[in-house]
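Below is one structure, written out as structure tokens; comments come after it.
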Amino acid sequence: MEARLPGHRTMNPCPVWEQKTGRVYLFFICVWGHVTERQQIMSGRNAARLCFICSKDSGYSWSDVRDLTEEVIGAEVKHWATFAVGPGHGIQLQSGRLVIPAYVYYIPYRFLCFRLPCKARPHSLMIYSDDLGATWHHGRLIKPMVTGECEVAEVTGRAGHPVLYCSARTPNRSRAEALSTDHGECFQRLALSQQLCEPPHGCQGSVVSFRPLENTHGCQDPARKDEPTIQQSPLLDSSQGLEQEAGTGSESWLLYSHPTNRKRRLNLGIYLNRTPLEAACWSHPWILHCGPSGYSDLAALEEGFFGCLFECGSKRECEQIAFRLFTDREVLSYVQGHCPSPGSNSEPIQN
């Protein structure tokens, strides 16, 4: 079975695993002919289709392609200059909801019968299913900031309230972060991270949540290692779920992968956040690959193991695709003593 539509090219793979049935849904977009993203944005005419294929046997065989464009987007497509899912991975929430990260170049204005494609701006959003993949819908655009390719991870605080964390690409030289308390339907206050940089024009990044094997919660100042420090994150707003979680600590930690250089796509780093709900406390990056590197995708495995699939090369970041297996202990052994005090504007490694 081929993941394609006749006359279209396939782009942006984004799989998600449904645990109850064991099915794997592989989402992607199919773009007509050789129409580029820029051509769609400039003309205001969408040429992309939202599709997926499904496997019931761990990828050994696949279903026919299902085109979801009309079901998910429908008449709203007149405001979508173009869109894409991923690339990366989707997740299943504790509630059972399947979530696929996506972004759309949205055209907010129309003059009489004419679109104004020059006003099209990218915004992240989620595509989701609450019935094990039978039907799909989309959430609200993450506004007002310009955001693009994104990934999400579910974080659980000690009070038991799940919060969906979103990390999104921006052209603003810093990563955008947002939180959702309604399973990704909408996201609260959007903020630029002072600790996670973006190269010019940005780059895709990956994020996963996991429960640490060791009970060492809290990001500590190296000068005061025995005293945990907590500072409310600028992401936290007045919503009840976040208020209840603020200051209670988190049962989940976050790992994030992204090039660490501000000027070029260089040196793929792994960042750790041990207090994602209370503090803007990302560690200094542990460098997974030195040299040109680009897109990446993380996977949290069992017993403290993680996998990272990423673009890299000796001269350019898109020469090859590599895979690296590593453990939480490798990351922790580096960040111990390198984790900045909450709220400090630590600079990532630059070469």
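The values are calculated or read from the model by the stated rules, or taken from the named source; none is laboratory data. Only a predicted model underlies this, so the values are computations on that prediction, with no experimental measurement involved. Glycine also receives a Cβ, built like all others from the backbone with ideal geometry; neighbour counts cover every protein chain displayed.
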task = Please name all residue pairs, on different chains or six or more residues apart, with Cβ atoms under 8 Å, provided the first residue is in segment 117-144 and is loosely packed, with under 15 Cβ neighbours inside 10 Å and the second residue is at pLDDT 95 or above and not in a loop (DSSP other than H, G, I, E, B).
result = THR135/GLU71; THR135/SER129; HIS137/VAL72; HIS137/ILE127; HIS137/TYR128; HIS137/SER129; ARG140/LEU125
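Looking only at segment 65-105, how many residues end up being over 18 Å from the mean Cα position of the chain (by Cα) and not aliphatic (A, V, I, L, M)? Give the derivation first.
Start the filter on segment 65-105 by keeping residues that are over 18 Å from the mean Cα position of the chain (by Cα), which leaves 65-82, 95-96.
Right, trim to not aliphatic (A, V, I, L, M) and you get 66-67, 69-71, 74, 76, 78-80, 82, 95-96.
Looking only at that region, the number is 13.
Would you check if there is a residue in segment 85-100 being touching a strand residue (DSSP E or B) at 6+ places or on another chain (Cβ under 7 Å), free of Cβ contacts under 8 Å to residues at least 60 places away in the same chain and either closer than 20 Å to TYR25 by Cβ or surrounded by fewer than 16 Cβ atoms within 10 Å (Cβ to Cβ) (or both)? Talk me through it step by step, then tell me what you get.
Within segment 85-100, the first condition is being touching a strand residue (DSSP E or B) at 6+ places or on another chain (Cβ under 7 Å), and the residues that meet it are 85-94, 97-100.
Within this subset, residues satisfying the condition of being free of Cβ contacts under 8 Å to residues at least 60 places away in the same chain are none.
Looking through segment 85-100, none of the residues is touching a strand residue (DSSP E or B) at 6+ places or on another chain (Cβ under 7 Å), free of Cβ contacts under 8 Å to residues at least 60 places away in the same chain and either closer than 20 Å to TYR25 by Cβ or surrounded by fewer than 16 Cβ atoms within 10 Å (Cβ to Cβ) (or both).
Out of everything in segment 37-47 that is touching a helix residue (DSSP H, G or I) at 6+ places or on another chain (Cβ under 7 Å) and of a type outside the set (S, T, N, Q), what residue ends up being nearest to THR10 (Cα to Cα)?
Step one: list which residues in segment 37-47 are touching a helix residue (DSSP H, G or I) at 6+ places or on another chain (Cβ under 7 Å), which gives 41-44, 46-47.
From what's left, of a type outside the set (S, T, N, Q): 41-42, 44, 47.
On the way: ILE41: 18, MET42: 21, GLY44: 20, ALA47: 12 Å.
The residue in question is ALA47.
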request  = Would you be able to tell me the number of residues in segment 166-222 that are of a type in the set (Gly, Ala, Ser), modelled with pLDDT of 95 or more, under 16 Å from GLY148 (Cβ atoms) and not in a strand (DSSP E or B)?
outcome  = 1
task = Residue by residue through segment 82-109, note down the ones that are among the hydrophobic types (A, V, I, L, M, F, W, C) and modelled with pLDDT under 95.
result = ILE107
query = Restricted to segment 55-85, and to residues that are in a loop (DSSP other than H, G, I, E, B) and of a type in the set (Phe, Trp, Tyr), which residue is farthest from PRO15 (Cα to Cα)?
reply = TYR60
task = Looking at (1) part of a loop (DSSP other than H, G, I, E, B); (2) of a type in the set (A, V, I, L, M); (3) closer than 20 Å to ALA84 by Cα, find the lone condition where ALA159 falls short.
result = (3)
task = Kindly indicate the residue of segment 302-336 that is surrounded by 12 or more Cβ atoms within 10 Å (Cβ to Cβ) and in a loop (DSSP other than H, G, I, E, B) and also modelled with the lowest pLDDT among those meeting that condition.
result = GLN336
inquiry  = The conditions are (1) touching a residue at least 60 places away in the same chain (Cβ under 8 Å); (2) of a type in the set (A, V, I, L, M, F, W, C); (3) touching a Gly at 6+ places or on another chain (Cβ under 8 Å); (4) within 24 Å of ILE142 (Cβ to Cβ), and ALA81 fails exactly one of them. Which is it?
reply    = (1)
Segment 145-167, residues that are crowded, with 19+ Cβ neighbours inside 10 Å and of a type in the set (S, T, N, Q) = THR147, SER167
ask   = If PHE28 satisfies every condition in (1) surrounded by fewer than 16 Cβ atoms within 10 Å (Cβ to Cβ); (2) of a type outside the set (Asp, Glu); (3) part of a strand (DSSP E or B) but one, which is the exception?
value = (1)
